[in-house]
Amino acid sequence: MLLFAYCLSWGFAFIGLAAPNSETAQAMTFPLIFPLTFASTIFIPLYKLPHWMQGFANNQPVSQATDAVRSLMLGYPVGNHVWMSLIWSAGIIAVLAPLAVNQFRKVA
């Protein structure tokens, strides 16, 4: 979970550097957070989501990280959730870290 939070912090750093002020930065994060949070398995089990949303919810980074942490904390079978969460984290860092660093160089 800490690695996943670190990955997302690169995205928020990029958004914060790209936004002209703090209010705009906050508004820019909403379209990212809303679908990833509410179309995931954080609040509701996958089988209770509408059928058309299950494919997206099952294959997104927030659901994978949530299911990995939940399985590890409760002693459930982990399956591929830990590996998928690590793969998502590596991919997110690979994309967002260079973007944030480049944006920092532009601003600084």
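The values are calculated or read from the model by the stated rules, or taken from the named source; none is laboratory data. On a predicted model such as this, the values are computed, not experimentally measured, just so you know. Note that each Cβ is placed from the backbone with ideal geometry, even for glycine, and that neighbours are counted across all protein chains shown. Just so you know, the surface numbers come from the protein's heavy atoms only, side chains and all, with ligands and any DNA or RNA stripped out. Shrake-Rupley method; radii C 1.70, N 1.55, O 1.52, S 1.80 Å.
Sorted from longest to shortest, the spans of the Cα atoms of the chain along the three principal axes equal 47, 25, 21 Å. Diagonalising the gyration tensor over the Cα atoms of the range 6-50 and scaling each eigenvalue by 5 before taking the square root yields semi-axes of 27, 11, 6 Å, largest first.
Multiply the residue separation of Asn102 and Ala5 by 0.36 nm, subtract the distance between their alpha-carbon atoms, and state the gained length in nm to one decimal. Write down the numbers at each step before the final one.
Numbers: separation 97, 0.36 × 97 = 34.92 nm, distance 2.05 nm.
Gain on stretching Asn102 to Ala5: 32.9 nm.
Stretching the chain fully between Ala94 and Glu23 yields a gain of 22.8 nm (0.36 nm per residue, less the alpha carbon separation). Note on exposure: Phe34, Phe14 ranked by accessible area (1.4 Å probe, complete protein assembly) read Phe34, Phe14, with the most exposed listed first.
Any idea of the accessible area per residue across the chain, 1.4 Å probe, to the nearest Å²?
Numbers: 7080 Å² over 108 residues.
Computed with neighbouring chains in place, this is 66 Å² per residue.
Each label point was placed 7 Å from the Cα along the Cα-to-Cβ direction; for Phe38 and Met73 their separation is 2.3 nm.
Find the centroid of the Cα atoms in the range 40-72 and in the range 22-36, then give the distance between the two in whole Å. Using only Cα atoms, the two centres lie 21 Å from each other.
For every helix of n ≥ 4 consecutive DSSP H residues, a contribution of -39,500 (n - 2.57) applies; sum these over the chain, divide by its total residues, and give [θ] at 222 nm rounded to the nearest 500 deg cm²/dmol. Mind showing how you got there, number by number?
Values: 5 runs with 83 residues, N = 108.
So the helix-based figure for the chain works out to -25500 deg cm²/dmol.
Screening the chain for DSSP H helices whose Cα atoms reach 27 Å or more along their own axis and whose mean Kyte hydropathy is at least 0.0 gives 81-107.
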